[in-house]
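The values are calculated or read from the model by the stated rules, or taken from the named source; none is laboratory data. Treat the numbers as computed from the prediction; the structure is a model and nothing was measured. When we count neighbours, we look across all protein chains shown, and the Cβ atoms used for this are built from the backbone with ideal geometry, even at glycine.
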Amino acid sequence: SLQQFHYSPESLVEVPVVSLLEYQEAIAEYEEYRSQLQVVHDISSMPVMEGDFGEFKEVTDLNSEAIRVPANVMEQMINLSGESVINRARVDMGISGLTNNIEEMGTTVHRLADQLRRMDAELEEQILSQIEDDNLLESENFDPLEMDQYSSLNQLSKALSESASDLVDIKATLLEKVRDSENLLLQLARTQAELQDSLMNSRMVPFSRLTPRLQRVVRQVNKQVELTVINADGEMDRSILERITSPLEHMLRNAVDHGIESREERAAAGKSEVGRVTLSISREGSELVIQLSDDGHGIDVQSVRNKAIKQGLIDPNDESLTDADIMQYIFNAGLSTTKKVTQISGRGVGMDVVRSEIRQLGGAVSVESVKGQGSRFVMRVPLTVAVSDALVVRAADTHYVIPLVQIERVEQVNPDELFAYYQSDHNTFTISDVDYRLRYLNEILTGNTVNDLAVSGNSSLPVIIIKNQTGQNLALQVDEIVGSRMEVVVKPLGKQLSHVSGVSAATIMGDGSIMLILDLIALIRNAPIRQVSTIEQQPLMDERKKILVIDDSVTVRKVTSRFLEREGFDAHVAKDGVDALKILQEFTPDLILL
């Protein structure tokens with residue numbers, strides 16, 4: 001029994017001498033007893049609520065070791081992971097270009113082999129014709145060395161044909177190596193995705209860490225208010241939690257101080273004496289949605305309108321703005337509807353900072369309110385700020401990146417309808433029976449007119465429908481959607497560009513180029529007033545004609561396209577019929593050269 005080895009400090013002097021064998025047997029007995037206890041109390045297979053919006057996970061090892069890693073080290077690891085993604089994309093693009101070059105080489109080799117076969121056939125015909133001409137052989141003027149010359153040419157032709165065949169084999173070998181490299185890159189992409197997921201999960205923290213701090217904010221206002229947090233165990237990126245802390249505190253302080261009425265006012269309105277503020281955390285796709293609602297008196301829309309008119313933000317004669325549109329102006333600097341300035345609120349400072357901080361995270365904030373019933377603020381931010389799914393668009397000669405979380409869908413619109421809208425003084429453009437506030441991206445960024453684009457001869461132009469996060473129907477027209485959705489590594493901007501409205505971040509593409517990531521809502525809201533185009537539509541004769549050059553020769557394609565571009569034509573090239581069919585799906589050329 002183990003009890004014979006358990007003594008009190010007073011009895012240590014009376015400890016009997018124990019042999020080594022007895023000691024080893026006691027240790028073995030203790031280990032067996034301990035293992036039985038672990039079996040009895042083993043709960044590692046029980047499902048444990050993770051708190052991430054109702055998801056469950058299996059706890060694999062309750063006794064797993066943990067280490068403390070500085071936050072800056074974790075940030076550096078995530079940044080390096082993002083850099084590896086960029087480098088892999090560059091290698092992927094290089095291999096894709098190499099594949100195209102090998103295919104071009106194969107086409108050229110096949111063409112060369114065909115030419116050599118024709119030359120070989122002609123040489124054989126000439127040799128046979130010389131042999132069959134008996135008169136020529138008997139002629140005194142015939143030199144036998146001429147026959148040797150034909151024989152040498154025939155041997156050289158066959159040698160060239162063999163070399164061309166060797167080139168075909170080399171092409172097949174190169175393509176096989178390229179396919180192996182592509183498979184390795186695919187495996188590398190999977191590994192990098194798992195690595196990024198693991199790094200991101202290591203930064204996930206529960207929202208409940210912020211709950212005590214928010215409770216203190218409510219108590220500081222000295223009102224009877226009950227704060228309820230829904231899904232407080234939901235997890236989010238630590239950096240996002242830190243950056244939304246101040247905006248949340250300010251919005252919560254405003255909700256209690258501005259929104260919740262006094263005890264007397266609530267009693268007169270038939271409400272309970274205790275005000276209710278609800279903070280909800282949820283996940284929608286790749287977005288984190290934070291909703292803050294109260295049961296106060298709501299937002300006075302007329303007061304917001306008057307303040308906005310006084311600051312010159314709204315035209316007094318503009319009757320097209322809805323109540324939802326007007327309420328969004330509370331996020332402008334210096335706009336406060338409270339009549340009393342206190343140490344807590346009333347200075348008109350804060351909500352603009354809230355919107356700015358949320359937009360820097362790549363998210364958006366909106367407000368809804370019903371007078372006498374309360375208000376609801378909705379913040380949408382990406383789950384992580386390191387990697388984002390995005391769409392690349394072109395405006396004039398520049399490419400930009402738009403996060404998919406901001407895009408509802410993409411519509412193709414007739415250029416004539418767009419041109420008529422740009423020449424009118426209408427404030428909205430109708431798409432699928434819905435009126436949208438439509439702007440042209442290049443006009444916002446550069447101030448250039450839209451006339452050249454509207455008459456470019458395209459059968460349709462892409463219009464991006466922006467997600468209705470602010471109560472407004474917004475749309476943005478671009479020149480072209482480049483490719484399909486892609487994953488980009490988000491890079492923060494420096495101090496020089498961090499305060500530029502409409503630009504939230506930047507990214508490095510696979511070819512090494514840098515593209516800006518746009519904030520569409522801020523871009524349209526802060527854009528200058530649209531100027532009505534007064535330039536008449538240019539006749540079709542002034543347009544750059546599109547010419548499609550189809551040829552299997554690289555040299556012919558390059559020479560022809562350069563010549564056409566020097567003459568003012570828009571030249572497009574295709575290496576074969578399959579490539580040409582793909583191009584014809586994008587646009588209809590004015591002329592095809594075969």
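At-a-glance table
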| read-out | value |
| --- | --- |
| Residue in segment 358-370 that is surrounded by fewer than 19 Cβ atoms within 10 Å (Cβ to Cβ) and at pLDDT 80 or above present | yes |
| Sole residue being more than 26 Å from the chain's Cα centre (by Cα) and farther than 30 Å from D114 by Cα, chosen from R243, R190, R216 | R216 |
| Segment 551-594: number of residues that are β-branched (V, I, T), in contact with a strand residue (DSSP E or B) (Cβ under 6 Å, 6 or more places away or on another chain) and over 18 Å from N101 (Cβ atoms) | 3 |
| Given (1) in a helix (DSSP H, G or I); (2) at pLDDT 80 or above, index of the condition I464 fails | (1) |
| Matching residues, segment 571-585, being more than 15 Å from K545 (Cα to Cα) and outside any helix (DSSP H, G or I) | A574, K575, D576, Q585 |
| Residue satisfying condition, being in contact (Cβ under 8 Å) with a residue 40 or more places away in the chain and not assigned by TED's automatic domain parsing to the domain that holds E265, within set Q224, Q196 | Q196 |
